[in-house]
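Engineer: Take this structure, written in structure tokens, and hold onto it; I'll ask about it next.
Coordinate-derived values only; no laboratory data. No experiment lies behind these values; they were computed from the predicted model shown. Note that we place each Cβ from the backbone using ideal geometry, even for glycine, and neighbour counts take in every protein chain shown.
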Amino acid sequence: VLVNGSDPQMRWSSVAPANFYGAQAATRRLLDAGHRKILHFTQESRPTIAERRRGFEAAIEGVKGAKGMVIDSRDVPRPEFTERLLRGEYDVSALFLWNDVIAVHVLEAVVSAGLGARYSMIGFDDLPIASLATPRLSTVHVDREAIGVGAIRLLRQQMDGERGVQQLEIGVKQVEGETVHPK
């Protein structure tokens, strides 16, 4: 059983957070705050993270006049991305970042440069670092305990003879934070 992952070839059962729907809801939150130019900084090295991009794109497509930009950290590493953002090279007012660690790095740079009010941002995972950031990072909460319980459930089912590959998705929820500002 893959934990916090998925197998696109469906050889292994898996349990993961609702990456697509979490990303879609996070992006909608930025759209609801009035942002129409939103950047998604990602790294699509895993299928689960690719689902976050799909959720971002679905939310953007659902709002007339909204424009989404996607930058992959394999093409533009985080330090370079942050420098470009601080120089104003991206014509956006909001950021959806693929995880909280990256989001906090970007947030700290933006706040240190005095640009905290210029960009709204949301991370993903609700790691402890998100609550320690100043201001508190808005993020998407992943219930890691529920993922563990789901993995045990799938393992038990396999031990009881279940042979079908199952992909279990655990719901996520928004964490308000202080980094989403009305446009």
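Engineer: Normalised by the residues of region 76-183, what does the relative contact order come to in percent, with Cα pairs under 8 Å and at least six apart? Please list the in-between numbers first.
Structural biologist: Numbers: 137 pairs, mean separation 28.6, N = 108.
Relative contact order comes out at 27 percent.
Engineer: Now for a different question. Based on the mean of other Cβ atoms within 10 Å per residue, sort peptides 68-78, 43-53 so the most packed one is first.
Structural biologist: Result, highest mean first: 43-53, 68-78.
Engineer: Ok, one more. Once you charge only the Cβ atoms, +1 for Lys and Arg and -1 for Asp and Glu, what is the size of the charge dipole of region 17-100 about its Cα centre, to the nearest 20 debye?
Structural biologist: On the way: 14 positive and 12 negative charges, 44 e Å.
Computed about the Cα centre, the dipole is about 220 debye.
Engineer: Also, I was wondering about something else. Assign one of three labels to region 3-80, namely rounded, prolate or oblate, based on the Cα gyration tensor with a ≥ b ≥ c the square roots of its eigenvalues; rounded applies when a/c is under 1.5, prolate when it is not and a/b is larger than b/c, and oblate otherwise.
Structural biologist: oblate
Engineer: Got the relative contact order for region 51-138 handy, in percent, Cα pairs under 8 Å and 6 or more residues apart?
Structural biologist: For region 51-138, the relative contact order is 25 percent.
Engineer: Let me know the charge dipole size of region 107-181 about its Cα centre in debye, to the nearest 20, where only the beta-carbon of Lys, Arg (+1) and Asp, Glu (-1) is charged.
Structural biologist: 60
Engineer: Taking Cα pairs under 8 Å and at least six residues apart, what relative contact order does the chain come out at, in percent? Don't jump to the answer; show the numbers that get you there.
Structural biologist: Values: 356 pairs, mean separation 51.9, N = 183.
Value for the chain: 28 percent.
Engineer: Quick check: residue separation of Arg84 and Val63 times 0.36 nm, minus the Cα distance between them. What number comes out in nm?
Structural biologist: Net length gain for the segment: 4.9 nm.
Engineer: Using the Cα centre of the chain as the reference point, and only Cβ charges (+1 on K/R, -1 on D/E), how large is the resulting charge dipole? Debye, rounded to the nearest 20.
Structural biologist: Here the chain has a charge dipole of around 360 debye.
Engineer: Starting with the highest mean, order 175-181, 54-60, 151-157 by the number of other Cβ atoms within 10 Å, averaged over the residues of each peptide.
Structural biologist: In descending order of packing, they fall as 54-60, 175-181, 151-157.
Engineer: Would you list the P(r) distribution for the chain, with all Cα-Cα distances sorted into 10 Å bins from 0 and each bin expressed as a whole %?
Structural biologist: 10, 37, 33, 15, 6, 1
Engineer: Computed FRET efficiency, Cβ-Cβ of Val70 and Arg136, R0 25 Å: what is it to the nearest 0.05?
Structural biologist: Values: r = 26 Å, r/R0 = 1.03.
Rounded to the nearest 0.05, the efficiency is 0.45.
Engineer: Here's a follow-up. Sequence neighbours fewer than 8 away in the same chain don't count; with that in mind, list the lysines whose C-alpha is under 23 Å from Lys67.
Structural biologist: Lys37, Lys183
Engineer: Here's a follow-up. Using only DSSP helix segments of four residues or longer, with each worth -39500 (n - 2.57), what per-residue ellipticity at 222 nm results for the chain after dividing by its residue count and rounding to 500?
Structural biologist: Working: 6 runs with 72 residues, N = 183.
Helix-only estimate at 222 nm: -12000 deg cm²/dmol.
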